[in-house]
Every structure is written in structure tokens, then in C-alpha cells.
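Below you'll find the structure, written out as C-alpha cells, and then a few comments.
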Amino acid sequence: MAYFTPGQLLKKGQYEIIDTLGQGGFGITYLAQDHKRKKEVAIKSLNVSFLKQRYRDKYGNTEDFGEFLAQEQDKFNTEAMVLATFDHPHIVKVYPELFQENGLSCMVMEYVKGKNLEQYLYANGVFSESAGLGIIKGIGEALSYIHSRNYLHRDIKPANILLREEDNKAILIDFGLAREVNFAELMSLTNAKTPVFAPPEQFENRSNFTPALDIYALAATLYVIIAVHEPPFIPLPSPYLNAKIMLDMKMAIEPPQKYNSAISQKVNDAILKGMELDYQNRPQSITEWFRFLGIQSQNNHLKTFTFEVVTTNAKGSIINKRNHSANYFVEDLGNGVMLEMVEIPAGTFYMGSPEDEAKRLDSESPQHQVNVPSFFIGKYSLTQVQYQAIMRNNPARFKGANRPIECVSWNDAVVFCQELSQKTGKNYKLPSEAQWEYACRAGTTTPFYFGESITSDLVNYNGEYVYAAAPKGQYRKQTTDVGTFPPNAFGLYDMHGNVCEWCEDDWQENYINAPINVPALISLINIKLLRGGSWDYSPGNCRSACPGSGSLGNYRDFVGFRVVCSGAART
């Protein structure tokens with residue numbers, strides 16, 4: 001049943017329901033007129049009837065359903081907030097607003113008019129190979145963007161890909177970011193077709209899925225849209241088998257050429273590679289799978305590295321570990337010296353700190369939303385050997401080739417960027433403050449990218465001071481080699497501690513009237529921004545939101561920098 005009906009007004013009359021667009025297991029999506037924006041939008045809320053039946057089937061009653069629904073609403077809200085930070089031409093736009101109506105959370109999205117791929121297949125039959133690859137290229141690039149933000153879609157299938165009517169562009173919708181389902185639930189979400197696109201590991205209800213999960217589903221989607229003429233879209237030996245059963249029985253997926261002999265051998269083999277039942281045998285990134293398909297992605301020249309990310313509680317104890325990956329390119333500085341530049345995806349974040357964050361400064365408020373285009377930033381603080389390769393000198397106090405350069409002024413750092421730009425033909429500069437904090441947070445909202453607190457086992461700072469409930473630790477009284485401690489979810493190291501890092505911006509007393517995008521705030525004053533804290537700082541001064549300052553001509557043994565490059569690596 002639909003919970004909102006045509007003509008019903010929501011959010012004090014801002015939205016007027018026009019019709020129900022569709023409903024799946026978890027949610028119902030409505031078409032509505034947005035009287036404020038003066039255009040049609042889509043509004044999504046939870047499917048309470050489905051959730052209640054699911055709860056009744058599991059527990060035999062609905063006595064505690066209210067508590068269960070509250071938990072599902074929390075997941076729904078989390079998903080909405082994540083989606084609102086996404087900015088990609090092949091991903092449906094979710095507006096940064098949530099509202100409650102009749103006790104239900106509602107998210108607001110752009111309305112994409114068109115047919116989904118399942119509807120298209122019913123009406124028109126399969127796509128040509130070239131048309132199918134065009135669709136998969138767009139959706140694959142969207143998935144690559146999502147994966148770079150360290151999220152998975154988890155529900156790729158033809159019904160969740162729309163062809164926009166106005167330009168025939170493929171748009172990805174209906175995410176499953178906040179969902180955790182087991183096999184029985186997966187079978188009952190919408191209909192028997194869904195498991196066709198789910199790889200074996202998705203039936204195991206694990207929390208440490210990899211991008212290979214979405215790659216399987218995208219490969220299965222390509223299989224279906226260019227090879228399978230009739231529903232129920234089963235590219236498997238039997239409609240009663242799923243990928244998990246096939247893996248257990250050591251069975252093989254039939255080649256798509258069996259259903260459509262016009263499919264090329266390259267595409268046939270690439271689909272089967274993407275649908276390897278053992279996820280470890282699949283390509284581990286969209287870029288890698290695109291190479292099998294012969295698709296030239298904008299990321300094809302980039303390399304990928306994997307790393308482990310940890311999360312801490314208020315005591316600084318590690319409560320979670322997970323594997324992430326990121327794209328990067330390598331700049332050759334000469335004489336065997338390399339500079340690794342990590343791709344940071346575009347997105348939106350809240351800059352500054354919330355009012356209840358411990359040790360916050362007045363200069364961290366008001367917290368405000370900032371839009372950040374994609375850019376590249378140094379994987380590490382610039383090292384002494386890298387600085388010397390360009391500037392032919394090493395002013396650092398704490399000598400070591402792989403220790404960060406320090407005792408450099410803001411002016412020195414700017415000259416380095418100018419020299420590097422001239423050498424490489426790319427545009428290198430210091431990060432703006434917004435770029436720096438966005439890169440540091442890597443999607444987190446906690447005081448540190450690790451979580452609620454830190455210890456000197458995770459960061460090089462003055463361990464004689466503590467934050468939250470964390471214990472005292474080591475005070476090293478000097479820098480350490482870059483990369484000694486765990487990275488954040490973007491794959492960046494030492495964004496907390498070791499050395500403070502120069503930003504391009506002037507020092508500002510607060511964020512009143514701050515811009516909503518990334519350009520640096522530069523005037524005629526000579527006090528520049530520092531970020532990240534150092535080996536000599538207390539942990540409170542190493543927080544993601546904490547700004548410092550220094551005269552542009554001064555240098556200290558706790559101040560260094562890292563560089564950014566905007567867009568040039570894609571040429």
C-alpha cells in the first residue's frame with residue numbers, strides 16, 4: 001500500500017503528491033510537485049507494510065515492531081545523508097534535506113523521467129552490444145566514483161538503471177548503502193529476479209564486501225541487456241539456482257554468446273570474468289574490468305592501491321578494521337624520486353566542527369556545507385627527498401629521506417609548487433583549507449578521521465596530553481617517516497600529527513560568510529593557515545576541523561606541506 005496519496009501535501013505544503021512511481025521491498029517512491037523549487041521531484045520513504053510483514057515472518061508477532069522501524073529509519077536517514085554528498089552525472093541527485101511526515105522519514109531526489117532497463121527490455125528486447133557498453137560505461141564510472149568514496153551500491157540490476165528520456169543517458173538509482181540482508185531476505189525483497197544480480201558473497205551477510213560485489217552485478221546486468229530476450233532474466237542453468245548455490249556446486253555460468261551469437265568474444269569473456277563466482281578471481285576495480293571490455297575509462301591511466309582503515313572509540317581503542325582502495329598517479333621527480341598523488345572524489349561535506357565537539361575553537365564555526373570538485377593530493381606530506389629533488393636543498397631539522405620536509409615557510413612551499421608545475425606541465429599548488437579538511441575527513445564527521453579519539457600508536461603527537469577517554473602515550477619529540485601510521489578512508493597518511501601543513505588560505509577568525517566551494521580565501525594579510533597538528537601538538541589541536549596559523553615568511557621544525565593537483569592527471 002502507498003502511504004501518501006495524490007493531492008496530499010507534505011512538509012507544510014511544500015510538496016504535493018502526484019502519483020506513486022514505484023515500490024520495492026524497502027521503499028516507496030512518489031512523484032511530487034515541489035512548490036518551492038517549482039519543479040517535479042521524487043520523494044522516497046520506507047515501505048512500512050513490507051517491513052512489518054518481514055518482522056512478523058521473523059518473530060511471529062509485531063510487539064516490538066516500533067523499535068525495529070526506528071532502527072530502519074536510522075539506516076534510511078544515514079543513506080539519505082550519504083547520497084546527498086554524491087555529485088556525478090550518472091547518479092540520481094539527492095537533495096540535502098530530510099523531513100518527517102506521519103512519522104516516516106522522507107528523502108527528496110531529482111525526478112528522472114524515463115524507463116528503467118527492465119521496462120525497456122520488456123518493450124524493445126535486448127540492446128545492441130555497442131549500446132549496452134555505452135550504458136555500462138556510464139554506470140561503471142558512477143560506481144567507480146561511489147567506490148572511491150568507500151561505499152558500495154549493493155543493488156545493481158536493470159530495474160535500478162534509468163534511461164533519461166531527454167538525452168537517453170543512463171542514471172543509477174535506488175541505492176542499498178544502509179542495508180544488511182541475508183539470503184532469505186534477499187530472495188523476498190522484490191521478486192525472484194533480484195538474486196540473479198547478487199554474487200555469492202552477498203548471500204553470506206558479511207560486512208566486509210569489496211567493489212567486486214558491484215562488479216559482478218554490473219557484469220550480470222550487461223549479460224542481461226545484450227543477451228537475454230525474455231524475463232525472468234536468468235543467465236544461469238536454472239531459474240531456481242543462484243550464484244551461491246552454483247559456487248557451492250562448482251558449476252559454471254553459461255556464456256552470453258549462447259543466447260546471442262552476435263556478442264563479440266572480448267565482451268563475452270569480459271562478462272564471464274566479471275561474474276567469476278569467487279570474488280577474488282574477479283577484477284577488483286571498475287577500471288580493471290573496463291580493460292577486459294575494451295572500454296576507455298577516464299580512470300584507465302590511474303593505478304589502484306589497497307589499504308586498511310581503522311575506526312576508534314572515545315578511548316582511542318580500535319573497534320573496526322576494513323579494507324579500502326583508492327586511485328592514484330605517480331609523478332616522476334627525477335633520479336628515481338617519485339611523488340604519489342591520490343584521487344579525491346568530488347562531494348559535499350560540513351566544514352568546521354559541531355558545537356559539542358571537545359576542544360573546539362571559535363574559529364571552527366559556524367559549521368557550513370561546502371561543495372568540493374574532484375582533485376588529487378599527495379598521499380603523504382612532502383618528504384625531504386622529494387623537496388630536495390626539486391629545490392636542491394634540505395632545510396629540515398630532523399633529517400631523513402622519508403621524513404616530512406619541515407623548516408619551510410609558506411613562501412618556500414609556494415615556490416616549490418611553482419617549480420614542480422614548471423617541471424611537469426601540471427598545475428600544482430597548496431591545498432585550499434576546504435580541500436584539506438575534506439581530504440582529511442574522508443567522509444567522517446568525528447573529531448579525527450579515525451573516530452572519536454586517537455592514541456600515540458596511531459598518530460605522532462605529544463602523547464603527554466589526552467583527548468576524550470584515551471590514555472596518555474608516547475611523546476616522540478621529533479618527526480617520523482611518512483606512512484608510519486594508518487591512513488584515512490581516502491588513502492591519505494599523517495593528516496593528523498607529524499607536521500602541520502600549510503594551506504593556501506589566509507587566516508580567518510571564523511567562517512561567517514565563508515564560501516560554499518573550495519577557492520582559497522586570500523587577501524593582503526601575511527598570516528596563513530596551518531592544518532593537521534604536529535609531533536609537538538596536543539591531540540585536541542590535531543583534530544580534522546582545527547585550524548592553526550603562521551606568518552608566511554616564518555618556518556618551524558613542526559611545519560611542512562603537501563601538494564594538490566586539479567584535473568591535470570586526466571589529460
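What the table shows:
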item	result
Matching residues, the range 288-300, being surrounded by 14 or more Cβ atoms within 10 Å (Cβ to Cβ) and assigned to a loop (DSSP other than H, G, I, E, B)	Ile295, Ser297, Asn299
Residue ID - farthest from Arg322 (Cα to Cα), chosen from residues in the range 467-477 that are in contact with a Phe, Trp or Tyr (Cβ under 9 Å, 6 or more places away or on another chain) and open to solvent by 70 Å² or more (accessible area, probe 1.4 Å)	Lys477
Residue ID - nearest to the chain's Cα centre (by Cα), chosen from residues in the range 1-20 that are open to solvent by 70 Å² or more (accessible area, probe 1.4 Å) and in contact (Cβ under 8 Å) with a residue 40 or more places away in the chain	Lys11
Residue match in the range 458-466 (condition: open to solvent by less than 10 Å² (accessible area, probe 1.4 Å), hydrophobic (A, V, I, L, M, F, W, C) and at pLDDT 95 or above)	yes
Which numbered condition Asp481 misses (of (1) modelled with pLDDT under 95; (2) closer than 30 Å to Arg392 by Cβ)	(1)
Lone qualifier among Lys44, Lys52, Lys113 - being modelled with pLDDT of 90 or more, over 27 Å from Tyr350 (Cα atoms) and either basic (Lys, Arg) or open to solvent by less than 10 Å² (accessible area, probe 1.4 Å) (or both)	Lys113
Meets criteria (closer than 15 Å to Glu433 by Cα, open to solvent by less than 60 Å² (accessible area, probe 1.4 Å) and modelled with pLDDT of 95 or more) for Gly540	no
Any chance Gly114 is over 16 Å from Phe175 (Cα atoms) and touching a Leu at 6+ places or on another chain (Cβ under 8 Å)	yes
Subset of the range 158-201 that is modelled with pLDDT of 80 or more and among the polar types (S, T, N, Q) - its residue that is least open to solvent (accessible area, probe 1.4 Å)	Asn160
Of all residues making up the range 415-458, the number that are under 20 Å from Asn393 (Cα atoms), aliphatic (A, V, I, L, M) and in contact with a strand residue (DSSP E or B) (Cβ under 8 Å, 6 or more places away or on another chain)	2
Among residues of the range 301-327, those that are open to solvent by less than 30 Å² (accessible area, probe 1.4 Å) and either assigned to a loop (DSSP other than H, G, I, E, B) or farther than 30 Å from Ala470 by Cβ (or both), counted	3
Qualifying residue in the range 334-349 (condition: open to solvent by 30 Å² or more (accessible area, probe 1.4 Å) and within 15 Å of the chain's Cα centre (by Cα))	no
2 or more residues out of contact with any helix residue (DSSP H, G or I) (no Cβ under 7 Å at 6 or more places or on another chain) and either open to solvent by 40 Å² or more (accessible area, probe 1.4 Å) or among the hydroxyl-bearing types (Ser, Thr, Tyr) (or both): qualifying helices (runs of 4 or more DSSP H) within the range 380-452	384-391, 410-424
Helices (runs of 4 or more DSSP H) contained entirely in the range 51-152, each with at least 1 residues that are under 30 Å from Val267 (Cβ atoms)	117-124, 129-148
Qualifying residue in the range 212-222 (condition: at pLDDT below 85 and out of contact with any Gly (no Cβ under 9 Å at 6 or more places or on another chain))	no
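Residue-wise test of (1) among the hydroxyl-bearing types (Ser, Thr, Tyr); (2) touching a helix residue (DSSP H, G or I) at 6+ places or on another chain (Cβ under 9 Å); (3) without any contact (Cβ under 8 Å) to a residue 60 or more places away in the chain; (4) open to solvent by 30 Å² or more (accessible area, probe 1.4 Å).
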| site | (1), (2), (3), (4) |
| --- | --- |
| Ile91 | no, yes, no, no |
| Val94 | no, yes, yes, no |
| Ala123 | no, no, yes, yes |
| Val126 | no, yes, no, yes |
| Ile135 | no, yes, no, no |
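The values are calculated or read from the model by the stated rules, or taken from the named source; none is laboratory data. All figures in this text were calculated on a predicted structure; none of them were measured in a lab. All Cβ positions, glycine included, derive from the backbone under ideal geometry; neighbour counts span all protein chains shown. To get the accessible areas, we keep the full protein, side chains included, count just its heavy atoms, and leave off ligands, DNA and RNA. Shrake-Rupley method; radii C 1.70, N 1.55, O 1.52, S 1.80 Å.
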